[in-house]
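In what follows, a structure is listed as structure tokens, so that the remarks can point back to it.
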Amino acid sequence: MKLFDCQVCSQTLYFENTTCERCGHRVGYVPEDQDLYAVVRVGDIAKHHWQIKGDATRTFQFCNNAQYDVCNWMVAGDDPGGYCTACRHNHTVPNLSKPGNDELWRLMEIAKHRLFYTLIELDLPTIPRSVDPKEGLVFEFLEDPSAGKRVMTGHEDGRITIAIAEADDAERERRRKAMREPYRTLLGHFRHEIGHYYWDRLVDNKPALKHCRDTFGDDRRDYGEALKRHYREGAPANWKDSFVSAYATTHPWEDFAETFAHYLHILDTLETAEAFGVATHPHGIAQAEELSAEVDFAPDKALSIRPLMKAWLPLTFALNSLNRSMGMGDLYPFVLTPAIIEKLGFIHDLVHGYVGVTRPDQPEMAPYAPVPENVPPPASPTFVGAEQDFD
């Protein structure tokens, strides 16, 4: 993610800020510009119209969900719906009459808005239910119905369900340990489930389908039986050779979704590193040259997966080393083998429209992922990935 600052006092801002902590100006995010602005109220106060500080050419309103302190995005002043690009996809949100649900919803929206930041950056389609009643993208944030029964996070025909219990850090950590996962985050859930959505949108019955099957395997395998087998037998002993997580071994759909989520992790983190001018230049070790990297490019504009991997592997080795110095576990508990990098390369090419296309920089499209040479893997893996009706 890029960095933001206040146009009034130059204070650096976080993506989620609603006000500048230094000068107190209200700030709002304009997704069309992909920028966070200091804004001032204008016109009839009852209409809650705002303009960017120093720019009287456009008028905005805050998303309707700003009143609940869960969204800082803006929409056009004359937008009749009043919901931003991210919130217009909500169908069911937590019941705010229940104590604590307001904070859980806020955390859900932080993760979802970070997801949409990247989707907008990549210009990926997000078709709302109002446009496509059968398969348009819609979110359900659901509570467990009763003690002992759990909402299952998942995706079906554009409908993404996220259990709000996943926004509770203690509960999510309990589930992570119970499932023996080294990594489980709320943002990871969103990125995984949106991967299923884009399999439907970009792969199923599309020219990319054959390439996808060549990379991830035959998705026509019975999914229900594959799930039963996974929970009965677990992942194969050698799964780390070819899969980013144990869960990815379940079925080609899950392998695709896990890899898609992982790609978004890499893209967003590298963009943040680029914004901070991060570079790694270790010294005093034999592999200093292999672990040197400059994150001096726009990751979302890369023509192939190669520059991302060339920067990512040294960066994550450095991040893990810093975490260990603080007595913490690895920030990045994954190993990327050539087979996994090839899958990430397919995702990169898919979201950029390169699959099956001959490009001047790469006359041959296979393999999808040229692998950096002599770069050691970082660590050790596994990643699993009230009504508000806008239909």
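Just a few scattered comments:
- Modelled spin-label separation between ASP144 and LEU322, with each label point placed 7 Å from Cα along the Cα-to-Cβ direction: 3.6 nm.
- Potential extension, ARG213-ALA298 segment - 0.36 nm per residue separation minus Cα distance: 27.7 nm
- Inter-part distance where the range 323-355 and the range 233-300 are each reduced to a Cα centre, Å: 2 Å
- Candidate lysines - alpha carbon under 23 Å from LYS206, same-chain residues fewer than 8 apart omitted: LYS134, LYS343
- Other-chain or far-sequence residues with amide H under 5 Å of THR153's (modelled H): ALA163
- Cubic angstrom per residue, convex hull over Cα atoms of the range 67-142: 109 Å³
- Each of ILE162, ILE285, ILE347, ILE194 has some number of other Cβ atoms within 10 Å of its Cβ, and from fewest to most they run ILE285, ILE162, ILE194, ILE347.
- The separation of the range 116-132 from the range 153-185, counted between C-alpha centres, amounts to 23 Å.
- Two-decimal ratio, the range 107-351, of alpha-carbon radius of gyration to 2.2 N^0.38 Å: 1.04
- Remark on VAL42: its backbone amide H falls under 5 Å from those of HIS49, TRP50, GLN51, a criterion applied only to residues 5 or more positions apart or on other chains, H modelled at 1.01 Å from N.
- Summed over qualifying helices (DSSP H, 4 residues or more, each -39500 (n - 2.57)) and divided by its residue number, the chain shows a 222 nm mean residue ellipticity of -10000 deg cm²/dmol.
- Counting beta carbons within 10 Å around each of MET309, MET152, MET328, MET108 and listing the fewest first gives the order MET152, MET328, MET309, MET108.
- Phi-derived couplings, Karplus 6.51 cos²θ - 1.76 cosθ + 1.60 at θ = phi - 60°, listed residue by residue for the range 334-341: 9, 10, 9, 8, x, 5, 6, 5 Hz, with x used for Gly and Pro.
- Overall form of the range 239-298 per C-alpha gyration tensor (a/c, 1.5; a/b vs b/c): oblate
- In sequence order, the range 183-199 has phi-based couplings of 8, 7, 10, 5, 4, x, 4, 4, 5, 5, 5, 5, x, 4, 4, 7, 4 Hz under the Karplus curve 6.51 cos²θ - 1.76 cosθ + 1.60, θ = phi - 60°, and Gly or Pro positions carry x.
- For GLY217, distant residues with modelled amide H under 5 Å away: none
- Extension gain, THR337-VAL131: 0.36 nm per intervening residue step, less the Cα-Cα distance, totals 70.1 nm.
- Sorted by Cβ density within 10 Å, fewest first, the residues ASP144, ASP219: ASP144, ASP219
- Cα gyration tensor, the range 4-83 - rounded (a/c under 1.5), prolate or oblate: prolate
- Relative to the current alpha-carbon distance between ILE285 and LYS206, full extension at 0.36 nm per residue lengthens the span by 23.6 nm.
- Hits among lysines - C-alpha to C-alpha of LYS177 under 25 Å, sequence gap 8 or more where chains match: LYS112, LYS149, LYS228, LYS240
- Karplus-derived HN-Hα couplings along the range 49-63 (A = 6.51, B = -1.76, C = 1.60, θ = phi - 60°), whole Hz, x at Gly and Pro: 8, 9, 10, 5, 3, x, 9, 9, 7, 10, 10, 10, 10, 6, 3
Readers should treat all values here as calculations from the given coordinates under stated rules, not as data from a laboratory. The structure displayed is predicted, hence computed values, not measured ones. Because the Cβ atoms are built from the backbone with ideal geometry, glycine has one as well, and the counts that use them run over all protein chains shown.
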